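This report refers to the structure that appears directly beneath it.
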Amino acid sequence: MSEHSVEFFTDPIAGGRITPRALVAPEGTISAPFDPVLLEREHNVLISRLAGFGWFFNIGFTQGKLVFQRPGAQIAIDTKWCRGRKLPASVLFSWTFDSLRLTFGTQQDHWDHPQVVAKAEPAPPPPELVAWVRRREMDAVVEFASEAEFAVRVHSSLQRFDERLRPVLSRDFFWDIQRDGNRVTGRRPKREIDVQAVIHAMLVDHMLLSNVDVQPEARSSAGAVDFLFTGMLKGAGRCRLCAQVQVCS
């Protein structure tokens, strides 16, 4: 791979939730299944990778080790480390600006299980890689080559939407304002149904270049969902993805 090419891969089991935008973020967490047999048999399984312009982010099984790395920091465990520890069937890969953390378990119970932390010098992705991520998200799309490509595009848009939504959550259209004359006496978050039209309008704008239709309050076999995203696959017709949105102040 040349210095100016970019490589991105994520295992299909992630369902498009691991995106380039997520991997260049200053902090985040990725959940993945854990099977010690992969260590014992020294299977090579890449979970996710983003590399380009001299920067990289890798998680996966290789040469009998579970590896989590980026520039200046690495965590690697093997069967010897696992021996004698009761490890659950899931693992969390978490990172901040200056550390990596590998924790077993789920978001709900991981504090009850072993973890490994590696401190590191801050190593932000280079501006050229961040620019590549943005261009990739904003490239106009008519049809997607695969369901995985469609899912990554939708999740990328939702992550970008979440980042831009947070700064405006204090705006009045998300709150019921109680007043006494000109004085504000109270603020309560509006009901979800009352802000859905605002969120829908913002999502439609985000999905415009992706040629993805956004339908609110769609029906599914499990009942009503907040939004249904529909795109076109090359030679395969429509593909769909449902999402529930929770707005927290």
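Structure above, values below:
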read-out: C-alpha long axis of helix 192-207 to longest principal axis of the chain, angle in °; value: 60 degrees
read-out: Among ILE177, SER156, GLN215 the positive-end extreme of the charge dipole of the chain (Cβ point charges); value: ILE177
read-out: Burial ordering of TRP81, TRP55, fewest other beta-carbon atoms within 10 Å first; value: TRP81, TRP55
read-out: On Cα atoms only, tilt of 147-165 relative to the major axis of the chain in degrees; value: 60 degrees
read-out: Burial ordering of LEU46, LEU241, fewest other beta-carbon atoms within 10 Å first; value: LEU46, LEU241
read-out: Inter-probe distance in nm under a simple model that places probes 7 Å from Cα toward Cβ, at MET138 and LEU87; value: 4.2 nm
read-out: Fewest-first sequence of GLU27, GLU192 by Cβ atoms within 10 Å of each Cβ; value: GLU27, GLU192
read-out: Gyration tensor (alpha-carbon) shape descriptor, region 139-243, a/c threshold 1.5; value: prolate
read-out: Estimated FRET transfer efficiency when R0 is 35 angstrom, pair LEU46-VAL198 (beta carbons, to 0.05); value: 0.30
read-out: Amide H within-cut-off set for ALA218, under 5 Å, with H built and near neighbours excluded; value: VAL225, PHE227, LEU228
read-out: Rounded to 10°, Cα long-axis angle of helix 127-138 versus longest principal axis of the chain; value: 50 degrees
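Bear in mind that the values in this text are calculations on the coordinates, not laboratory data. Bear in mind the structure is a predicted one, so any value in this text is a computation, not a measurement. Please note: Cβ atoms are built from the backbone with ideal geometry, for glycine as well, and neighbour counts cover all protein chains shown.
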